[in-house]
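Take a look at the structure below.
All of the numbers you see were taken from the coordinates with simple rules; none came from a lab. None of these values were measured; they are calculated from a predicted model. Every residue, glycine as well, gets a Cβ built from its backbone with ideal geometry; the counts of neighbours run over all protein chains shown.
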Amino acid sequence: MTILKLSNISKYFQDGKNQVNTVLKGLDLEVEKGEFIAIKGASGSGKTTLLSILGTLLNPDEGTYWLEGEELLAKGVDKFKIRNEKIGFIFQDHRLLPQYSALENILLPVLAYQNEATEKEIEYAHELMKLTHIEHVANQYPRTLSGGEASRVAVCRALIMRPAVLLADEPTGQLDMSNAQNVIALLSEINQTLNTTIIMVTHSAEMAQAAKKIVTLKNGILQ
């Protein structure tokens, strides 16, 4: 079943007074539910731009974007709600809030619409921590976490709303090789265990091998 579809996506940026830089050129992408896709590309190829469009953080200049049957670029679509409920984000710098414990950081997306998490949501957070082997850091603060532990907290936070798709932006970019391999193995386990659809942007050919499908962004299109 197709869960996500980009059709004829183009994005231009003004480069100087009269120059236009075309980053994406009529790009198409179709993703099936439960797929794990890695998008490779050289620096400056448009990977971040593409991921920003997938995350509804940036609108394309042309094209359509469907997620679970809904046209996300249509007028009146609440993109904040889409981002919070249907799209999980994993960033390479984790972006954990230092004043909150690991458990509280995981529950932050839940608190976007309510004052406190329900017992069921807290229970699911603990299930995710168990799945990612970080139950022991639930009450610790970010400053006390290792890089690998912080990455796993970020993964749990991205999953807490049971998103339709998980977007990972160079998730191993700031980790040593051992922790990088652990995070990639974790993403594979999540994909298989939870049947979560994952789209990962990476410059690493080795890390991309964990995905079920690898595509390359070159000259503004996926190959």
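Results for (1) surrounded by 14 or more Cβ atoms within 10 Å (Cβ to Cβ); (2) touching a Pro at 6+ places or on another chain (Cβ under 7 Å); (3) closer than 18 Å to LEU51 by Cβ, shown as yes or no for each residue.
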site: LEU159; (1), (2), (3): yes, no, yes
site: ALA164; (1), (2), (3): yes, no, yes
site: LEU167; (1), (2), (3): yes, no, yes
site: GLN174; (1), (2), (3): yes, no, yes
site: ASN195; (1), (2), (3): no, no, no
site: ILE198; (1), (2), (3): yes, no, yes
site: HIS203; (1), (2), (3): yes, no, yes
site: LYS212; (1), (2), (3): yes, no, no
Selection from segment 193-223 of residues out of contact with any Asp or Glu (no Cβ under 9 Å at 6 or more places or on another chain), among the β-branched types (Val, Ile, Thr) and assigned to a loop (DSSP other than H, G, I, E, B) yields THR196
Look through segment 123-143, keep the residues that are under 22 Å from the mean Cα position of the chain (by Cα) and over 15 Å from ALA154 (Cβ atoms), and return whichever of them is surrounded by the most Cβ atoms within 10 Å (Cβ to Cβ).
TYR124
Search segment 1-13 for residues that are without any contact (Cβ under 8 Å) to a residue 40 or more places away in the chain and pair each with any residue that is among the polar types (S, T, N, Q) when their beta-carbon atoms are under 6 Å apart and the residues are at least 6 apart or on different chains.
PHE13/ASN21
Do we find that THR48 is in contact (Cβ under 8 Å) with a residue 60 or more places away in the chain, out of contact with any Gly (no Cβ under 8 Å at 6 or more places or on another chain) and either under 25 Å from PRO109 (Cβ atoms) or of a type in the set (A, V, I, L, M) (or both) in this structure?
yes
Sort through ILE87, ILE106, ILE37 and tell me the only one that's in contact with a Gly (Cβ under 9 Å, 6 or more places away or on another chain), surrounded by 14 or more Cβ atoms within 10 Å (Cβ to Cβ) and either within 24 Å of GLY173 (Cα to Cα) or without any contact (Cβ under 8 Å) to a residue 60 or more places away in the chain (or both).
ILE87
